[in-house]
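Participant: What follows is a structure written as structure tokens; I'll ask about it next.
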Amino acid sequence: MPAKTMLITGGAGFIGANAACHYAGRGWRVVVLDNLSRKGTALNLAWLRETAPRVEFEKADVRDAGLVADIVRQVAPEVVLHMAGQVAVTTSVADPRADFEVNALGTFNVLEAVRCRAPEALFVNASTNKVYGRMDNLEIAERNSHYAYARLPSGVPETQGLDFHSPYGCSKGAADQYTIDYARIFGLRTTSFRQSCIYGPRQLGVEDQGWVAWFAIATVTGRPVTIYGDGKQVRDVLHVDDLLRAYDMAIDAPQ
């Protein structure tokens, strides 16, 4: 039986490179699509070529609808992992047009390519918790060592209302909703993961994005770490391997 085929947009990024290595190791034919514009992606691609030499590479930008459609047609994937994106709130504020074009229009282009060229494929979108906004309606309690949601001991559920904040929240929220609606209107098989604070190997973090990696980098290189507020803020973090196991479950048993 021929190997199943997966297309990973943004496959030379942190999560994308880990996903490419993971699925190549499971016997998939993996094709990485990336424009290599983000610092560190060329290093990740070199690592992939050494670690998983069967992974194929297509240099392309998700903003190029025609090229994306051609690649989807040629690759004919059973699964598309859409990891490509602009990833920082601060960058979205500095250049909201570029943020929109990469996150909202780029996702639309990939969805359209799947709809027209590979309509049976499962489309998995990397969204963000930023689609929930500030959540000002939730009561915050101050504990001895940290802040917590006063009435949500298990965290915020998916039923929490959406409230896009920042250009980044708007662009990722639009992508999230297009992903959901393409299943409803066009019958595509899609799912959206509202991710946050993923960490692990191949993450070249900076101060405003990828903060777990940045804390490690700053510590090793002797750079200062800035803590905002009073230090009682807490965040849940998820190792990339655990995220990939969640992807496995979505692929093995799509809803």
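Participant: Suppose every Lys and Arg Cβ carries +1 and every Asp and Glu Cβ carries -1, with no other charges. What dipole size does the stretch 118-180 come out with about its Cα centre, to the nearest 20 debye?
Facilitator: The calculated dipole for the stretch 118-180 is roughly 160 debye.
Participant: Cβ under 14 Å from A42's Cβ, A42 left aside: what net charge do those residues give with Lys, Arg +1 and Asp, Glu -1?
Facilitator: Net of charged neighbours comes to +3.
Participant: Counting only protein heavy atoms, what percent of the accessible surface of the chain is carbon or sulfur at a 1.4 Å probe?
Facilitator: The computed percentage sits at 53.
Participant: Given a 10 angstrom Cα cut-off, can you work out which residue in G205, G229, G133 is the most mobile in a GNM of the chain?
Facilitator: G229
Participant: What size of dipole, in debye to the nearest 20, comes out for the stretch 66-214 about its Cα centre when the only charges are +1 on Lys and Arg C-beta atoms and -1 on Asp and Glu C-beta atoms?
Facilitator: With Lys and Arg at +1 and Asp and Glu at -1, about 280 debye.
Participant: A follow-up question, please. Could you identify which residue out of Q203, Q86, Q74 has the top mean-square fluctuation in a GNM of the chain using Cα springs shorter than 10 Å?
Facilitator: Between Q203, Q86, Q74, it is Q74 that shows the largest mean-square fluctuation.
Participant: Excluding ligands, DNA and RNA, what is the solvent-accessible area per residue of the stretch 75-181 at a probe of 1.4 Å, expressed in Å²?
Facilitator: Value for the stretch 75-181: 50 Å² per residue.
Participant: Right, another one. For the chain, give the magnitude of the charge dipole about the Cα centre (Cβ charges: +1 Lys/Arg, -1 Asp/Glu; no others), in debye to the nearest 20.
Facilitator: Its charge dipole is roughly 360 debye.
Participant: Within the chain, count lysine pairs with alpha carbon atoms under 27 angstrom apart where the residues are 8 or more positions apart or belong to different chains.
Facilitator: Taking the chain as the scope, the lysine pair count is 7.
Participant: Taking every DSSP beta bridge that has both residues in the chain, what percent is antiparallel when rounded to the nearest 5?
Facilitator: Here the share of antiparallel DSSP bridges comes out near 15 percent.
Participant: Something else: By the gyration tensor of its Cα atoms, with a ≥ b ≥ c the square roots of the eigenvalues, what is the shape of the stretch 130-221: rounded for a/c under 1.5, prolate for a/b over b/c, or oblate?
Facilitator: oblate
Participant: Using a 10 Å cut-off on Cβ atoms, rank the peptides 115-122, 27-34 from the highest mean neighbour count down.
Facilitator: Result, highest mean Cβ count within 10 Å first: 27-34, 115-122.
Participant: Set Lys and Arg Cβ to +1 and Asp and Glu Cβ to -1, take the dipole of the stretch 199-255 about its Cα centre, and tell me which of A250, V220, V206 lies farthest positive.
Facilitator: V220
Participant: Please work out the C-alpha center-to-center distance from the stretch 189-231 to the stretch 1-80 and express it in whole Å.
Facilitator: If we compute the Cα centre of each part, the gap is 23 Å.
Participant: So what is the calculated 222 nm ellipticity per residue for the chain, using -39500 (n - 2.57) for each DSSP H run with n of 4 or more, over all residues, to the nearest 500 deg cm²/dmol?
Facilitator: -12000 deg cm²/dmol
Participant: Mind listing P(r) for the stretch 1-153? All alpha-carbon pairs, 10 Å bins, whole percents.
Facilitator: 11, 36, 28, 15, 10, 1
Participant: Please build a GNM for the chain, connecting alpha carbons under 10 Å apart, and tell me which residue among Y147, Y132, Y228 fluctuates the most.
Facilitator: Of Y147, Y132, Y228, the most mobile in the Gaussian network model is Y228.
The values are calculated or read from the model by the stated rules, or taken from the named source; none is laboratory data. Quick caveat, the model's predicted, so the values are computed rather than measured. In this analysis, Cβ positions are derived from the backbone assuming ideal geometry, glycine residues included, and neighbour counts consider all displayed protein chains. Just so you know, the surface numbers come from the protein's heavy atoms only, side chains and all, with ligands and any DNA or RNA stripped out. Shrake-Rupley method; radii C 1.70, N 1.55, O 1.52, S 1.80 Å.
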